[in-house]
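The values are calculated or read from the model by the stated rules, or taken from the named source; none is laboratory data. As the structure is a computational prediction, the values presented were derived from the model and not from experiment. Glycine gets a Cβ as well: all are built from the backbone with ideal geometry, and neighbour counts include every protein chain shown.
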Ligand SMILES: NC(=O)c1ccc[n+]([C@@H]2O[C@H](COP(=O)([O-])OP(=O)(O)OC[C@H]3O[C@@H](n4cnc5c(N)ncnc54)[C@H](O)[C@@H]3O)[C@@H](O)[C@H]2O)c1
């Protein structure tokens, strides 16, 4: 059921790779709620071509941009305002990649060039996105900017490797830029710490299936799905959350506040 929560609002959605992506589900939900947007992803991800199916379904233009390139981001924001016919009300940063994780490097044997890439793509790019938004004067007052995080920013999940540092950086940037953007434009900036979700980025972490199951058993509501996350992002983009900013919001079915569950005890004592 749709409520027209985003009627008349414009934005940019980063990171829809395929139909499992959190950004993909978000695009469909935002469209359903009346929002208009451009879609973007790294030029290399465009080769899959899937994003064009989503663009068709959402009547959205696709503008390629490597989120680590200030030049690409400048073009993206400028062009998005042209295409959409005005300044923006929402931005979703749904981007993550670690070459060390992808290539299976042990945390005691990291390649530091790759570590820097992890931080740049998965953390610093959030600052670049917001700095570009500010420099191009792209945001309307009471706009909303959201990025996706994971609880490994606060607690150790060994296989998450250098992505844990990238998420800690991301969450810190949300606070600093949230302060700045709040003061200057009343724009809010938040991160959502999402449950393990079966996507390309998620399942790329070794042992994913085990910690997906573990998190599910440790969450009274079970794991939040990509669709649940899309709904929550939509609320954060809407006027119903105007005073929420500089937060890392747990969207995890209760996982982060749970010590142990009967389900887990039963499993371990069998
Ligand atoms: N899947 C999970 O378990 C989970 C849990 C918590 C948080 N997250 C976060 O959610 C976000 C979205 O990931 P997802 O799970 O939907 O997976 P996904 O693989 O579908 O999305 C990741 C996206 O990042 C894009 N990307 C990579 N490098 C880029 C670059 N240089 N410039 C622009 N885009 C680039 C990819 O092309 C892809 O579209 C990520 O920040 C991820 O860390 C995922």
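Structural remarks
- Helices (runs of 4 or more DSSP H) completely within the stretch 87-199 that count 3 or more residues being in contact with a strand residue (DSSP E or B) (Cβ under 9 Å, 6 or more places away or on another chain): 125-135, 163-185
- Residue within the stretch 209-221 that is touching a residue at least 12 places away in the same chain (Cβ under 8 Å), away from the ligand (no atom under 16 Å from the Cβ), more than 24 Å from residue 3 (Cα to Cα) and in contact with a strand residue (DSSP E or B) (Cβ under 8 Å, 6 or more places away or on another chain) present: no
- Of the residues making up the stretch 228-240, those that are part of a helix (DSSP H, G or I) and either away from the ligand (no atom under 12 Å from the Cβ) or free of Cβ contacts under 8 Å to residues at least 60 places away in the same chain (or both) are 228, 231, 232, 234, 235, 236, 237, 239, 240.
- Conditions (1) in a loop (DSSP other than H, G, I, E, B); (2) surrounded by 14 or more Cβ atoms within 10 Å (Cβ to Cβ): number failed by residue 220: (2)
- Yes/no for residue 105 being under 25 Å from residue 123 (Cα atoms) and free of Cβ contacts under 8 Å to residues at least 60 places away in the same chain: yes
- Qualifying positions in the stretch 1-26 - within 16 Å of the ligand (Cβ to nearest atom) and in a loop (DSSP other than H, G, I, E, B): 15, 16, 17, 18, 19, 20, 21
- You will find that of 232, 237, the residue that is under 25 Å from residue 168 (Cβ atoms) and buried (at least 20 other Cβ atoms within 10 Å of the Cβ) is 237 and no other.
- Enumeration of residues in the stretch 27-82 that are buried (at least 18 other Cβ atoms within 10 Å of the Cβ), under 18 Å from residue 10 (Cβ atoms) and within 13 Å of the ligand (Cβ to nearest atom): 27, 39, 40, 54, 63, 65, 73, 76
- Residues within the stretch 98-116 that are at positive phi and crowded, with 17+ Cβ neighbours inside 10 Å, tallied: 0
- Among residues of the stretch 114-139 that are closer than 17 Å to residue 168 by Cβ, none has a Cβ under 9 angstrom from a residue that is surrounded by fewer than 19 Cβ atoms within 10 Å (Cβ to Cβ) and modelled with pLDDT under 95 at a sequence gap of 6+ or on a separate chain.
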